[in-house]
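S.K.: Please read through the structure below; I'll follow up with questions.
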Amino acid sequence: MDVRIFDSAERIGQEVGRLICDYVNSNPEACLGLATGMTPVPAYNYIANEYACGRVSFAKVTTFNLDEYCDLPKEHKNSFYSFMVDNLFSKIDIDLGNVNFLDGNAQDVEAESKRYAEKIKAAGGIDIQLLGIGRNGHIGFNEPSDKFTDEAFKVKLTDSTIEANSVFFDDIPMPRWAVTMGIGSIMRAKKILLVATGESKAQAIKNTIEGEVTPENPASILKQHPDATLFIDKAAASLLK
Ligand code: GLP
């Protein structure tokens, strides 16, 4: 696992956005795994600007998002689908028919998990998986647990996660459940780019880099991935030895 420390979230966005655009320019039919949250936004802004300047096209790209809330209409302003449309998809030439999300309202989660896994496989697997990290070390919505998961599943969100995300829910209570790609799904990506900025991620980053591989800190599994890179700012790196 490589660790790269930057002066600012902006620089991280440029570096990660550049890597993704270069990959898509070399592989127009790329399959990208995408994340929500505020940390990936500078990279999405960089990508949108590259598209606006005519330096990249996403017309043949397929995407899979990590997770989605349960019990929330897909078009609700706080769904992760809406987040991606607002922050990236509406600003580039991606075909929304090639955009994939887990259905948070699926009655049969097992079947939905199988459907997603088969769709990822049919797309040739994820070439580049972009990740953020939760304050408690979660990736996607793989919360601290006593085991690593494999394929997508339904998860009860922790208080820490609800606290961090409920600020955005002003019209309805924040969902308590979500569906997320599992650790196995994430680890099967060919390349992983994790972005983390700010003091609030320093402990999770320290545990990920310096701690043991444990499902208590889900991101620690990335140490076992052949091509995972952490892009962090000085605040997120502030507890590293
Ligand atoms: C949510 C998402 C994660 C994201 C995390 C951190 O829990 N499910 O994918 O990494 O929030 O978000 P932020 O980047 O806003 O700190």
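S.K.: Looking at (1) in a helix (DSSP H, G or I); (2) modelled with pLDDT under 95; (3) surrounded by fewer than 16 Cβ atoms within 10 Å (Cβ to Cβ); (4) not β-branched (Val, Ile, Thr), which is the only condition Ala164 fails?
M.R.: It is condition (3) that Ala164 fails.
Table: residues versus (1) of a type outside the set (Val, Ile, Thr); (2) farther than 18 Å from Asn27 by Cα; (3) buried (at least 20 other Cβ atoms within 10 Å of the Cβ).
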site: Asn45; (1), (2), (3): yes, yes, no
site: Arg55; (1), (2), (3): yes, no, no
site: Phe64; (1), (2), (3): yes, no, yes
site: Asn78; (1), (2), (3): yes, yes, no
site: Asp86; (1), (2), (3): yes, yes, no
site: Lys91; (1), (2), (3): yes, yes, no
site: Lys121; (1), (2), (3): yes, no, no
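S.K.: Any residue that is outside any strand (DSSP E or B), acidic (Asp, Glu) and within 16 Å of the ligand (Cβ to nearest atom) - is there at least one of those in region 86-100? Full working, then the answer.
M.R.: Taking region 86-100 first, the residues outside any strand (DSSP E or B) are 86-98.
Within this subset, residues satisfying the condition of being acidic (Asp, Glu) are 86, 93, 95.
Right, trim to within 16 Å of the ligand (Cβ to nearest atom) and you get 86.
Yes, because at least one residue in region 86-100 is outside any strand (DSSP E or B), acidic (Asp, Glu) and within 16 Å of the ligand (Cβ to nearest atom).
S.K.: Condition first: farther than 23 Å from Gly13 by Cα and of a type outside the set (S, T, N, Q). Now tell me which residues in region 190-215 satisfy that.
M.R.: Matches in region 190-215: Glu210, Gly211, Glu212, Val213, Pro215.
S.K.: Further, regarding this structure: Restricting the search to region 10-29, which residues are surrounded by fewer than 22 Cβ atoms within 10 Å (Cβ to Cβ) and in contact with a strand residue (DSSP E or B) (Cβ under 7 Å, 6 or more places away or on another chain)?
M.R.: Glu15, Leu19, Tyr23
S.K.: Taking Val41 as meeting all but one of (1) crowded, with 20+ Cβ neighbours inside 10 Å; (2) closer than 22 Å to Arg11 by Cα, write down the number of the exception.
M.R.: With (1) crowded, with 20+ Cβ neighbours inside 10 Å; (2) closer than 22 Å to Arg11 by Cα applied to Val41, the lone miss is (1).
S.K.: Just to be sure before I move on: is Lys201 in contact (Cβ under 8 Å) with a residue 24 or more places away in the chain and touching a helix residue (DSSP H, G or I) at 6+ places or on another chain (Cβ under 9 Å) in the structure I sent?
M.R.: Working: in contact (Cβ under 8 Å) with a residue 24 or more places away in the chain: yes; touching a helix residue (DSSP H, G or I) at 6+ places or on another chain (Cβ under 9 Å): no.
So Lys201 fails the test.
S.K.: Related question: When residues of region 104-129 are filtered for being away from the ligand (no atom under 16 Å from the Cβ), on the phi < 0 side of the Ramachandran plot and part of a loop (DSSP other than H, G, I, E, B), how many remain? Full working, then the answer.
M.R.: Let us first name the residues in region 104-129 that are away from the ligand (no atom under 16 Å from the Cβ), namely 105-115, 117-125, 127.
Then keep just the ones that are on the phi < 0 side of the Ramachandran plot; that gives 105-115, 117-123, 127.
Narrowing the set further to residues that are part of a loop (DSSP other than H, G, I, E, B) leaves 105-108, 123, 127.
So the count comes out to 6.
S.K.: Being within 11 Å of the ligand (Cβ to nearest atom), under 24 Å from Tyr116 (Cα atoms), surrounded by 16 or more Cβ atoms within 10 Å (Cβ to Cβ) and not aliphatic (A, V, I, L, M) narrows it down to one of Gly132, Gly182, so name that one.
M.R.: Working: Gly182 fails: within 11 Å of the ligand (Cβ to nearest atom).
The match here is Gly132.
S.K.: Just checking, which of Ser57, Ser79 is within 16 Å of the ligand (Cβ to nearest atom), hydroxyl-bearing (Ser, Thr, Tyr) and in contact (Cβ under 8 Å) with a residue 12 or more places away in the chain?
M.R.: Working: Ser57 fails: within 16 Å of the ligand (Cβ to nearest atom).
Among Ser57, Ser79, only Ser79 is within 16 Å of the ligand (Cβ to nearest atom), hydroxyl-bearing (Ser, Thr, Tyr) and in contact (Cβ under 8 Å) with a residue 12 or more places away in the chain.
S.K.: Look through region 137-155, keep the residues that are within 13 Å of the ligand (Cβ to nearest atom) and closer than 18 Å to Met174 by Cβ, and return whichever of them is nearest to the chain's Cα centre (by Cα).
M.R.: In this case the residue turns out to be Gly140.
S.K.: Out of Leu193, Leu239, I need the residue that is buried (at least 18 other Cβ atoms within 10 Å of the Cβ), more than 11 Å from the ligand (Cβ to nearest atom) and not in a helix (DSSP H, G or I). Which one?
M.R.: Details: Leu239 fails: buried (at least 18 other Cβ atoms within 10 Å of the Cβ).
Every option except Leu193 fails the conditions.
S.K.: When Tyr44 is evaluated against the numbered criteria (1) in contact with a Leu (Cβ under 9 Å, 6 or more places away or on another chain); (2) at pLDDT below 95, which criterion, by number, is the only one it fails?
M.R.: Tyr44 satisfies every listed condition except (2).
The values are calculated or read from the model by the stated rules, or taken from the named source; none is laboratory data. Because the structure is predicted, anything quoted here is derived from the model rather than measured. Cβ sites come from the backbone with ideal geometry, for glycine too, and all protein chains shown count toward neighbours.
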